[in-house]
């Protein structure tokens, strides 16, 4: 699929416009200018939107992060330099630990779970009949609102009357207060995040699996390789680019998502499940600390940006490998 | 891979995983039929003693479902229509028209996709609050009470244009043969006619895919709607309302009502997803490989 997009890129149509202009030499410049005006007319709604709701907010975010501001009159904004950053990155503040640490644990934990489960399951589904049916089942949480996913799981985790503790009790174990215990709260939310992302990962990995030529497996089978050896020596190495892609996109999603936290725990107990996005949201909209909150948003963005650059770099490597 | 033996181990894995995926939803449905006090009772029971359908009526009544549906429908419909319109127009210009600055504009569109939504939460909110001449604001955006954040437009404004949508449409419009467009131009068709009568019909499957991705994303959107709802409760959407109901009510007595509300909120998206699944799945594959 990636190669299809690439081909399209190269077929970029210079030809059409120039051929037309060439056929009417007298009006060439005029036709070109008209075409440019039409093009910008078609682009104008999008460009106007990006100017107001992309560029302006980005500038605003940086300005706010460098200021102290009460939140009402923009003329009373006070420039404070890097003070906000100094405050939140101070080792004594809660933003670095536990909040940023939680954020990384949340992202890394859910990604590891998603990746391991999706590789195993995508590979297994690929051997079965009715593949579409199985993938649909794994896809259900993706089309379900996070408010529903969070509440369903909150009830599953419930110590009195929830399904999971019901099963534990039936097996003779005592109930676990999954979301109320600071030691289990974060891992419990991580499981839900992984559960909810599994479908996308399986789908993308399936596309990767279908790209591995059948002949490799046939050759390995002739050489007497079993399914385990084929998985380790053919499937995994050839799936590496797809795996890297899933890894990085899921890490990025994990670092920024906090809707599940709002719905399931509200960051608690204490700060046990508080993550950077949620802290930013609270600082801004509950406490009116616009400067601090904007600084938090930028720090989180820089972390994500670094990972995006890593992604681009890895893709470039991959492009060189395949060409 | 087509092994000769039945892949028992794979079946075992996939079925076990499927149980973990589906049981939470079944538990939700079962709980939505349970009677008062039955949900928190020990020991846990999966099936309700008796199927109480009245939980659904109670959810509809207590939630003001009409308002929630209206807001969710407006937010989603406007966002989908706008994304389809702006993406196909901008995509056409970037794919088939020649104009100075095209490579820069295209790179800019690609760059817009790098910025995660949380970054815009605070500035977008403040920009809408201080929007000139809205909600009692003066020309400089001051003095009013909430500006645009109290209008229903606040729900959909941040979702009106999608960089990914423009990119997606551009990639597909590029592969429409130039000859088709050329022929229409020779026949005297203007660019708008070409866009309307050639580009749109030729890209219908992609439009469905993009529309579906936007629909599911907007219908399920949570953080921005929550923020707007706290400013003006009349703008509450379905996902936010469900969560609020949950926090209002005593969980053990009324959990079944919450679960009934969840079922009601999930069903529209689930139905559309199951009907148009192939388009959605293709969209995820494309966005996964962009």
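The values are calculated or read from the model by the stated rules, or taken from the named source; none is laboratory data. What you are looking at is a predicted structure, and each value in this text was computed from that prediction instead of being measured. Virtual Cβ from ideal backbone geometry, glycine too; neighbours counted across all protein chains shown.
Counting the residues of region B:1-41 that are at pLDDT 80 or above, within 9 Å of chain A (Cβ to nearest Cβ) and in a loop (DSSP other than H, G, I, E, B) gives 1. Taking region B:247-267 as the range and being at pLDDT 70 or above and within 8 Å of chain A (Cβ to nearest Cβ) as the test, the residues that pass are B:255, B:258, B:259, B:262, B:265, B:266.
What's the total number of residues in region A:143-164 that are assigned to a helix (DSSP H, G or I), in contact (Cβ under 8 Å) with a residue 12 or more places away in the chain and closer than 21 Å to residue B:35 by Cβ?
Summing the residues that are assigned to a helix (DSSP H, G or I), in contact (Cβ under 8 Å) with a residue 12 or more places away in the chain and closer than 21 Å to residue B:35 by Cβ in region A:143-164 gives 2.
Where helices (runs of 4 or more DSSP H) fall entirely within region B:42-151, those with at least 1 residues that are surrounded by fewer than 16 Cβ atoms within 10 Å (Cβ to Cβ) are at B:54-63, B:65-96, B:102-112. Screening region B:232-246 for residues that are at pLDDT 85 or above and assigned to a helix (DSSP H, G or I) and picking the one that is surrounded by the most Cβ atoms within 10 Å (Cβ to Cβ) gives B:238.
With respect to residue B:270, is the statement that it is within 7 Å of another protein chain (Cβ to nearest Cβ), surrounded by fewer than 20 Cβ atoms within 10 Å (Cβ to Cβ) and at pLDDT 85 or above true? The answer is yes for residue B:270. Inspect all residues belonging to region A:97-109 and state whether any of them is closer than 22 Å to residue A:272 by Cα, free of Cβ contacts under 8 Å to residues at least 60 places away in the same chain, more than 8 Å from chain B (Cβ to nearest Cβ) and surrounded by fewer than 20 Cβ atoms within 10 Å (Cβ to Cβ). Yes: one or more hits. The residues in region B:163-184 that are surrounded by fewer than 16 Cβ atoms within 10 Å (Cβ to Cβ) and at the interface with chain A (Cβ under 8 Å from one of its Cβ atoms) can be counted, and the count is 1.
Looking at B:155, B:160, B:213, just one residue is more than 9 Å from chain A (Cβ to nearest Cβ), modelled with pLDDT of 90 or more and closer than 23 Å to residue A:145 by Cα, and that residue is B:155. A residue that is without any contact (Cβ under 8 Å) to a residue 24 or more places away in the chain and within 25 Å of the chain's Cα centre (by Cα) occurs nowhere in region A:70-85. Apart from one condition, residue A:77 fits all of (1) touching a strand residue (DSSP E or B) at 6+ places or on another chain (Cβ under 9 Å); (2) surrounded by fewer than 16 Cβ atoms within 10 Å (Cβ to Cβ); the exception is (2).
Out of curiosity, is residue A:75 at pLDDT 85 or above, over 30 Å from residue B:7 (Cα atoms) and within 13 Å of chain B (Cβ to nearest Cβ)? No: the conditions fail for residue A:75. Looking across region A:259-291, the residues that are without any contact (Cβ under 8 Å) to a residue 40 or more places away in the chain and crowded, with 24+ Cβ neighbours inside 10 Å come down to A:278, A:280, A:281, A:284. If only residues of region A:113-128 that are without any contact (Cβ under 8 Å) to a residue 40 or more places away in the chain and part of a helix (DSSP H, G or I) are counted, the one that is farthest from residue A:258 (Cα to Cα) is A:124. The set of residues in region A:282-299 being in a helix (DSSP H, G or I) and more than 7 Å from chain B (Cβ to nearest Cβ) consists of A:282, A:283, A:291, A:292, A:295, A:296, A:298, A:299. Can you find a residue that is in a helix (DSSP H, G or I), more than 7 Å from chain B (Cβ to nearest Cβ), crowded, with 22+ Cβ neighbours inside 10 Å and modelled with pLDDT of 90 or more anywhere in region A:129-138? So far as region A:129-138 goes, no, none of its residues is in a helix (DSSP H, G or I), more than 7 Å from chain B (Cβ to nearest Cβ), crowded, with 22+ Cβ neighbours inside 10 Å and modelled with pLDDT of 90 or more.
If residue B:204 satisfies every condition in (1) within 10 Å of chain A (Cβ to nearest Cβ); (2) modelled with pLDDT of 90 or more but one, which is the exception? All conditions are met except number (1).
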